Amino acid sequence: MAPTKAAGPAALLLSATVARRYYFDGVSKSDIAAELDLSRFKVARLLDQARESGLVRIEFDYRGEIDLDLSLRLRAAYGLRHCVVVDVPEDDDEMLRAGLGRAAAALLSEIVTAEDTLGLVWARSLLAMSGSLERLAPCTVVQLTGALSRPDVDESSVELVRDVARIAGGPAHWFHAPMIVPDAATARVMRTQPEVARTLDMARGVTKAVVGVGAWQAGLSTVADAVGDAEREAIHALGVRAEVGGIQLDAHGVTVPTSLSERVIGIDAEQLRAVDDVIGLVYGPAKADAVRAALRGGFVSSLVTHEGMARALLGPA
């Protein structure tokens, strides 16, 4: 405890006595008031003044990967259900995704129960999560989007769901279909296929979901990368700035119908917003505005992220 300049010796000693009894000895405010012949209100005021003056400083001393201070600040700033900010190297995307994956796996192991239905949207960060998952309550696991093939990724959305369900030991619901098809007519036919229709109908019962969030720019979204340059630019011109599982949003989190909207095989905006807790695994400060859009639109209610993204989200929009 550092001395304050304004207080005289008697006031300083009284504040220090109250602070020591409360913070070090664990004595209640009522008992301190009785010991020192003070009112409980006076004790509370002395404790407040001790913190405000710097006589008492409260610090988190946690040596793990989670940045507790940033996690609490970000959670409060956006009213999040859960918020985990990890302190891991940020100059290597693979290492960053691995750190997020470990944190997300630990969070899911803690909050998912056997009564939950867990929905998964395909994203590289979710593959890292499934690789770190060691235990999970025996919940139902549901695929929420079709597959997007990438030359740098071997696993599909089907394998993601199967891997997580295998760890949980609960039922898995998946379908073999691409996430984006060439035209709306093909999408309509695809959605009537029994395994696709059955699985997407299961999305209505999802209670917890894990998603990635992409910014509508080349290299910042697997969905934006999956369409041609001309279509991507045309969609951007319509105001799209973010996507969550192929659901396209403007900067305020409002859904924007585009040439792509009717060609996506996956959960729709209404279904995703109805999920009780949607956990976004997000990384890369360049995506901060896209994450803000997803939060504003009610598409994400919890975050697992890293220091750079957390500071970007806490900064000016």
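Laboratory data are not the source of any read-out in this text; all were calculated from the coordinates shown. A quick note: this is a predicted structure, and the numbers were derived from the prediction, not measured. Here Cβ is always computed from backbone atoms with ideal geometry, including for glycine, and neighbour counts include all displayed protein chains.
Counting only DSSP beta bridges with both residues in the chain, the antiparallel share comes to about 30 percent.
A simple charge model with +1 on the Cβ of Lys and Arg, -1 on the Cβ of Asp and Glu and nothing else charged puts the dipole of the chain at about 1040 debye relative to its Cα centre. Shape analysis of the range 96-231 places it in the oblate category; the axes a ≥ b ≥ c from the Cα gyration tensor give an a/c of at least 1.5, with a/b not above b/c. Model label sites at residue 41 and residue 204, defined 7 Å from Cα along the beta-carbon direction, differ in position by 5.7 nm. For the range 134-148, backbone phi angles converted through the Karplus equation (6.51, -1.76, 1.60; θ = phi - 60°) give residue-by-residue couplings of 10, 8, 7, 4, x, 8, 7, 10, 10, 6, 9, 9, x, 8, 10 Hz, Gly and Pro being listed as x. In the chain, a dipole from Cβ-located charges (positive for Lys and Arg, negative for Asp and Glu) runs towards its positive end, and of 132, 249, 228 it is 249 whose Cα lies farthest in that direction.
The calculated P(r) of the chain, using every Cα pair and 20 Å bins from 0, goes 30, 45, 19, 6, 0 in percent.
The share of C-alpha pairs in the range 216-317 whose separation exceeds 23 Å stands at 22 percent. From most to least packed by mean Cβ count within 10 Å, the peptides 302-310, 203-211 give 302-310, 203-211.
When you count the other C-beta atoms within 10 angstrom of each residue and take the mean per peptide, 181-188, 279-286 line up highest first as 279-286, 181-188. When the Cα positions of 26, 13, 55 are compared along the charge dipole of the range 13-72, 13 comes out farthest toward the positive end, with charges on each C-beta of Lys, Arg, Asp and Glu.
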